[in-house]
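First the structure, in the form of structure tokens, and then the observations on it.
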Amino acid sequence: MSVTAEKSVYEQLGGEPAMAAAVEVFYRKVLADDHISHFFEDVDMERQAAKQKAFLTMVTGGPVHYSGKDMRAGHAPLVKRGLNDSHFDAVAGHLKATLEELGVAAPLVAKVMTIAESARADVLGR
Amino acid sequence: MAKVKHESDWYPLESGESVLDALLRQGVSIPNACRAGACQSCLMRAVAGTVPEAAQVGLKDTLRAQGYFLACACRPPEGTQLEVTGAEALRIPARIQALSLLSTSVLRVRLVTDSPLAYHAGQYISLVREDGLARSYSLASLPHEDALELHVRLQPGGAMSGWLAHDAQPGDRLQVQGPAGSCFYVPGRPEQPLLLAGTGTGLAPLYGIVRDALAAGHTGPIWLFHGARTPEGLYLTSELRALAEQHPQFLYRPGVLEGGSRDVAEGALDVLIRAECPKPLGWRAWLCGDGPLVLSLRKKLFLAGLSLKDLHTDAFLPSVPSGQRTSDAGAR
């Protein structure tokens, strides 16, 4: 085992510029998916894109840290509007497709998906 | 309870109330129009006390640093004490140079300011009448031209548009505040295709942006889609056709929902755009006019591959007449 700390997926992908490129790909996928797009409609598309960039940064192990409490509070209004496992699965699917489209290696994709999965209970308020 | 001092009096704010609503409610006259944090007509300055960050969104850094804020977006927390003044210091006196109808529903207003106004074609200003009535309008002129040009849509019962159409005369004096907005052309990448689309007087900023891009030597295709419900809603058609003849890279496409002809396409704006510009990947775009239409077009163009950083929008908001909340649709 190496002495230096293992690089995060975020760093391996290229940090902030990689997130900036990934967020548009990801945002297009969720907006084009009628099953979940209503959770992502926002008059201010820049603000919505910024939220999604923070999400991508978090699940790739970058410098954004939400506590479980933050995740619960942030998604509570959406849970009230009916957010459930099927929506979570759809978003996770788009996340996976985005990473694959950008050529991220399978083991790194798997790591990201594990982090994303770990947020499920908090996101759905369980 | 938060309270605000204006001139020599203190005014209490109800919980969650904006500074603008509190002052208007208590009989203080403050220029305002959209009441949604966009038009900047209600700009004020805090001389003591701190305003919430949300009240300074969209303002230039130089204005923020001087304590300027938008009264309609300023909801100070309980216990705040603010001392405020108007933004008179930022207003430039101007006089009406000319008034002429561009169509049955659009009035061209030309203004000459007493001192030069630095702006980009496509930005907007607030027009403030002597009695404080304010409305925001986009600039259709270019900075080097001798007058500011506004396209004012004549609203039934519209306070500012009615006055401009029926009472105002060349030579009348007004004040101009601004400019604001980030819907303008920035030189660079001269071969990049540009897509401009708007409805009604959304043409005003686009007319400025097109001519600005051409003057800057833009060589890539510049598409301009102007939509209206019927052909009567289109204007500047002969000027734009002449411009297209002079500049082969400029492509003018008027469209209407009903009453199309050989020269005017018929159909929804997004359908007309998709037919002629099916793959706008890597383009730059400006969308101006009717709010819901601009937002829906932006989403469609984003999904078609345009990057958010290349999408500039100016969604016109209705002005809110004083004393009531009914819509007076489309100030600009």
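The values are calculated or read from the model by the stated rules, or taken from the named source; none is laboratory data. What you are looking at is a predicted structure, and each value in this text was computed from that prediction instead of being measured. No Cβ is skipped: glycine too gets one built from the backbone with ideal geometry, and neighbour counts run over all protein chains shown. These area figures cover heavy atoms from the full protein model, side chains too; ligands, DNA and RNA do not enter into them. Shrake-Rupley method; radii C 1.70, N 1.55, O 1.52, S 1.80 Å.
Below, the figures for the structure above:
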quantity: Output for segment B:292-309, where each listed residue is assigned to a helix (DSSP H, G or I), open to solvent by less than 20 Å² (accessible area, probe 1.4 Å) and more than 9 Å from every other protein chain (Cβ to nearest Cβ); calculated: B:VAL294, B:LEU297, B:LEU301
quantity: Subset of segment A:19-41 (residues that are more than 10 Å from every other protein chain (Cβ to nearest Cβ) and surrounded by fewer than 19 Cβ atoms within 10 Å (Cβ to Cβ)); calculated: A:VAL25, A:ASP33, A:ASP34, A:HIS35, A:HIS38, A:PHE39, A:PHE40
quantity: Filter result (in contact (Cβ under 8 Å) with a residue 40 or more places away in the chain, under 11 Å from the mean Cα position of the chain (by Cα) and closer than 15 Å to A:TYR66 by Cα) within segment A:91-126; calculated: A:ILE115, A:ALA116, A:ALA119
quantity: Residue under evaluation B:PHE69, criteria (1) open to solvent by less than 10 Å² (accessible area, probe 1.4 Å); (2) assigned to a loop (DSSP other than H, G, I, E, B); (3) over 30 Å from B:ARG211 (Cα atoms); (4) not basic (Lys, Arg), criterion not met; calculated: (2)
quantity: Total residues in segment A:42-65, condition open to solvent by less than 80 Å² (accessible area, probe 1.4 Å), free of Cβ contacts under 8 Å to residues at least 24 places away in the same chain and away from every other protein chain (no Cβ under 14 Å); calculated: 3
quantity: Qualifying residue in segment A:4-11 (condition: away from every other protein chain (no Cβ under 14 Å), in contact with a Gly (Cβ under 8 Å, 6 or more places away or on another chain), among the hydrophobic types (A, V, I, L, M, F, W, C) and under 30 Å from B:GLY282 (Cα atoms)); calculated: yes
quantity: Single unsatisfied condition, B:GLY255 versus (1) more than 19 Å from the chain's Cα centre (by Cα); (2) modelled with pLDDT under 95; (3) buried (at least 18 other Cβ atoms within 10 Å of the Cβ); (4) of a type in the set (Gly, Ala, Ser); calculated: (2)
quantity: Lone qualifier among B:ALA242, B:ALA216 - being over 15 Å from the mean Cα position of the chain (by Cα), free of Cβ contacts under 8 Å to residues at least 12 places away in the same chain and either open to solvent by 20 Å² or more (accessible area, probe 1.4 Å) or under 20 Å from B:PRO280 (Cβ atoms) (or both); calculated: B:ALA242
quantity: Which numbered condition A:GLY68 misses (of (1) within 11 Å of chain B (Cβ to nearest Cβ); (2) under 20 Å from A:THR114 (Cα atoms); (3) exposed (fewer than 15 other Cβ atoms within 10 Å of the Cβ)); calculated: (1)
quantity: Among (1) touching a strand residue (DSSP E or B) at 6+ places or on another chain (Cβ under 6 Å); (2) within 14 Å of chain A (Cβ to nearest Cβ) - the single one B:ALA228 does not satisfy; calculated: (2)
quantity: Number of the exception - A:GLY103 against (1) open to solvent by 50 Å² or more (accessible area, probe 1.4 Å); (2) within 14 Å of another protein chain (Cβ to nearest Cβ); (3) among the small types (Gly, Ala, Ser); calculated: (2)
quantity: Filter result for B:LYS3 (open to solvent by 50 Å² or more (accessible area, probe 1.4 Å) and more than 21 Å from B:TYR119 (Cα to Cα)); calculated: yes
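A quick yes/no check of all residues on (1) in a helix (DSSP H, G or I); (2) under 30 Å from B:ARG229 (Cβ atoms); (3) open to solvent by 70 Å² or more (accessible area, probe 1.4 Å):
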{"site": "B:TYR11", "(1), (2), (3)": "no, no, no"}
{"site": "B:ALA33", "(1), (2), (3)": "no, yes, no"}
{"site": "B:ALA54", "(1), (2), (3)": "yes, no, no"}
{"site": "B:THR104", "(1), (2), (3)": "no, yes, yes"}
